[in-house]
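Structure first, then comments.
The values are calculated or read from the model by the stated rules, or taken from the named source; none is laboratory data. Just so you know, these numbers come straight off a predicted model, no measurement behind them. Every residue, glycine as well, gets a Cβ built from its backbone with ideal geometry; the counts of neighbours run over all protein chains shown.
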């Protein structure tokens, strides 16, 4: 009995063990199968991604190729369209030119027809006048006939004289203008316009804002010492890293600017170093002035100039007039004077000398009284310059009468250099005042209805009343207006005067 139970228990235990082992093996196989299937799925996904990427790359490549092909085709189409448009524009221009030519021909034909009609009317009037004259002659005695012929000849001669006088004046003005243009073009072809020299701003840049306190110093002793030594004023405000040097004397301002720049660079700012650097800057600026004067004289090849005159010429390097550097302006005027004198058969050296010295009075300090032209003339005269040169300097603003052609050349060259395009700056208020003065001057004349200054004041168009001003009066008005403008106004370059006299006859057909 015990043996049977043992066998039964052993069988049960074997069965349970076999079942557990089978279940365990089955679970393990299931896990392995799951892992293998996951691996296979992952591998399949990766292969699918690779295939997808390859397909996408192929599709993208094909798209890029198609896009490039489309762009090429679009470019070709645009080029073809542009060429077609150019051809169309060319045809349109040709058609417009033909239309314009046809219109001109039509106008010429209409004008010729009008002339023929006018000649017919004149012939008819002449025939009628001859008939009337013959009838009158038949009833007049010999003396009356002679007197009538004298009156007729006198009227014809007056008309001919008016016409001849008008043609002579127009021809003379045209000849003078042509000769003046030829001379001026010949001169200007030999000298090139220079750009404006910028006015140096008396501004000193600082490395930092702390330097402002060092420049001022304790209780302002440094800035007071600097202003006393240079004769200038330092303006220190809230502008970042910047100090402004102010003075009416450009040489002092330049000395102060150079000295302050050295002080800032050195960093030692106290009264002793201020006086030292100001002295060095004054010496350096003096050398620059001498070199600038010598360079101008050497450039023009002028000899036997007094050293004080050369020194004053160098000072003009630091002075500007309406943003134009005065020394460069003087050298340019000297060149122009030399060229104009050569064209006129005069001595170019005398003209060159007068042109260089014409503005030297602008560099003279206050020991002389008067305008810069008269002051400069007195200065160069006291230094041994010739009377022709002295008069050229004194008369270049026509404050004294010109005594030679050289003075007129200086006036002309000074005007050309000052009024050429880009030479000087003009404020908007001065520009408006100049245009208004030109229009007001034109409106003063009798018969003027209105006037308009156009093209920046280089042309004035005057509309007159045709019932008050006839053709001859319009020509006279143009000449008188030109004289008044030349006498009363100051203007750059030239002013063209156009007189407009128009009559209109309007009827309405109903």
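Are any residues in region 279-311 in a loop (DSSP other than H, G, I, E, B) and at negative phi, and if so, which ones? Don't jump to the end; show me each part of the working.
Residues of region 279-311 in a loop (DSSP other than H, G, I, E, B): 301-306.
Result: 302, 303, 305, 306.
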All but one of (1) surrounded by 13 or more Cβ atoms within 10 Å (Cβ to Cβ); (2) touching a strand residue (DSSP E or B) at 6+ places or on another chain (Cβ under 7 Å) hold for residue 489, so report the exception by its number. (2)
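Which residues, taken from region 478-497, are in contact with a helix residue (DSSP H, G or I) (Cβ under 9 Å, 6 or more places away or on another chain) and closer than 25 Å to residue 161 by Cα? Let's see the steps before the verdict.
Of the residues in region 478-497, the ones in contact with a helix residue (DSSP H, G or I) (Cβ under 9 Å, 6 or more places away or on another chain) are 479, 481, 484-485, 488-493, 495-497.
Residues satisfying the conditions are 479, 481.
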Of (1) crowded, with 16+ Cβ neighbours inside 10 Å; (2) touching a helix residue (DSSP H, G or I) at 6+ places or on another chain (Cβ under 9 Å), residue 371 satisfies all except one. Which? (1)
For region 312-321, check the following and say yes or no: at least one residue is free of Cβ contacts under 8 Å to residues at least 60 places away in the same chain, closer than 14 Å to residue 376 by Cβ and outside any strand (DSSP E or B). yes
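Given the options 460, 464, name the one that is in contact with a strand residue (DSSP E or B) (Cβ under 6 Å, 6 or more places away or on another chain) and under 20 Å from residue 503 (Cα atoms). First the steps, then the outcome.
Values: 460 fails: under 20 Å from residue 503 (Cα atoms).
Result of the check over 460, 464: 464.
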I'd like to know if region 471-482 contains one or more residues that are surrounded by fewer than 18 Cβ atoms within 10 Å (Cβ to Cβ), within 29 Å of residue 392 (Cα to Cα) and modelled with pLDDT under 85. no
Checked pairs for region 262-277, first touching a residue at least 24 places away in the same chain (Cβ under 8 Å), second surrounded by fewer than 16 Cβ atoms within 10 Å (Cβ to Cβ) and in a loop (DSSP other than H, G, I, E, B), C-beta under 8 Å and 6 or more apart or across chains, list as 264/207
Scan region 336-360 and report the pairs whose first residue is touching a residue at least 40 places away in the same chain (Cβ under 8 Å) and whose second residue is outside any helix (DSSP H, G or I) and buried (at least 24 other Cβ atoms within 10 Å of the Cβ), with Cβ atoms within less than 9 Å and a gap of 6+ or a chain change. 337/358; 354/396; 355/396; 358/396; 359/396
With respect to the numbered conditions (1) assigned by TED's automatic domain parsing to the domain that holds residue 414; (2) more than 29 Å from the chain's Cα centre (by Cα); (3) touching a residue at least 40 places away in the same chain (Cβ under 8 Å), which one is the sole condition not fulfilled by residue 363? (2)
Go through 332, 403 for me and flag whichever is touching a helix residue (DSSP H, G or I) at 6+ places or on another chain (Cβ under 6 Å) and assigned to a helix (DSSP H, G or I). 332
Positions within region 278-298 being in contact (Cβ under 8 Å) with a residue 24 or more places away in the chain and either touching a strand residue (DSSP E or B) at 6+ places or on another chain (Cβ under 8 Å) or over 21 Å from residue 361 (Cα atoms) (or both), in sequence order: 278, 281, 282, 284
